[in-house]
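Derivation of every value follows stated rules applied to the coordinates shown; laboratory data play no part. Treat the numbers as computed from the prediction; the structure is a model and nothing was measured. Here the Cβ positions follow ideal geometry from the backbone for every residue, glycine too, while neighbour counts run over all protein chains shown.
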Amino acid sequence: MNKQEYENWKDFAERMAKTCFKMRRNPMWRDILANVEFFFDCLDEEDIQCIENWDHSNPYPIGSKYYSRTYKTSCWHCNGNKKPDCKYNCEDGRIYDYAKPMCVGDMCSEHSESWNPYYWSGLSDDQHEKRQEQFCGPVTCCIRAGLDMAVAPSGGVLGFTAGDIRRMYPEGVPDWITGGVDHRWSYWMEDKMNGTFAEMPESAGLVL
């Protein structure tokens, strides 16, 4: 992830918290926004450059203060002595792991303890799951949708419309979201229509 992608991600996530959860009461949009902002405050610059998508982070590059190589296993093909025809990209006859930050999905899971005020309340599994969705779901939606739009798509975030995105960007939805004036989207409508973002009705459901 580069600096511009990070700025786009953060901006999208914070705008979604401010705009799309205005009617939410428990938690209120201000609480959702505060948790989104805290998530970004906790990100290390060294981690940001390694984020690839929701489910994957790359190893820290050489030169990073977190760069480290850990022994994994001998290459079964080379057996400790690197062979020129090795197809497993081993090093000196061994395959190594490299340190990398958690993926964003796991980062959000780590934060759920602070996002969910009932996390340690001794609830049943079913009640705990409901509280997780209530308090962590909106925060995760903002973070994941922003990452998917600004950096790389994953499984997608559902439940938002073209109208929601326009309200998030009253000054005009940027091209990095719309794909540009000629980019055609497929979106969920009963009549299976598709078109440019400008052609979409307010109610058009999107996969962010």
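Highest GNM mean-square fluctuation, the chain, Cα pairs closer than 10 Å: which of CYS20, CYS42, CYS78?
For the chain, modelled as a Gaussian network with Cα springs under 10 Å, the answer is CYS78.
Sum -39500 (n - 2.57) across every DSSP H segment of at least 4 residues in the chain, then divide by the residue count to get the 222 nm mean residue ellipticity, nearest 500.
The per-residue figure over the chain is -12000 deg cm²/dmol.
Over what distance in Å are the Cα centres of region 99-140 and region 16-33 separated?
Centre-to-centre distance over Cα atoms comes out at 17 Å.
Using Cβ-Cβ distances only, list the Cys residues of the chain with no partner cysteine under 4.7 Å, sorted by number.
By the Cβ distance rule, which asks for a partner under 4.7 Å, the isolated cysteines are CYS20, CYS42, CYS50, CYS86, CYS103, CYS108, CYS136, CYS141, CYS142.
Students often get this wrong, so check it: of LYS10/LYS100; LYS3/LYS100; LYS22/LYS100; LYS100/LYS130, which have C-alpha atoms separated by over 25 Å?
From LYS10/LYS100; LYS3/LYS100; LYS22/LYS100; LYS100/LYS130, over 25 Å: LYS22/LYS100; LYS100/LYS130.
Treating the angle as unsigned and between 0 and 90°, give the value, to the nearest 10°, between the Cα long axis of helix 3-19 and the longest Cα principal axis of the chain.
30
Can you give the net charge of the other residues whose Cβ lies under 12 Å from the Cβ of LYS3, counting K and R as +1 and D and E as -1?
Here the charged neighbours net out to -2.
With Rg and Dmax of the Cα atoms in Å defined as stated, name the option among (1) 21.1, 64; (2) 19.5, 60; (3) 15.7, 46 computed from the structure displayed.
(1)
Starting with the highest mean, order 167-180, 138-151, 48-61, 117-130 by the number of other Cβ atoms within 10 Å, averaged over the residues of each peptide.
138-151, 48-61, 167-180, 117-130
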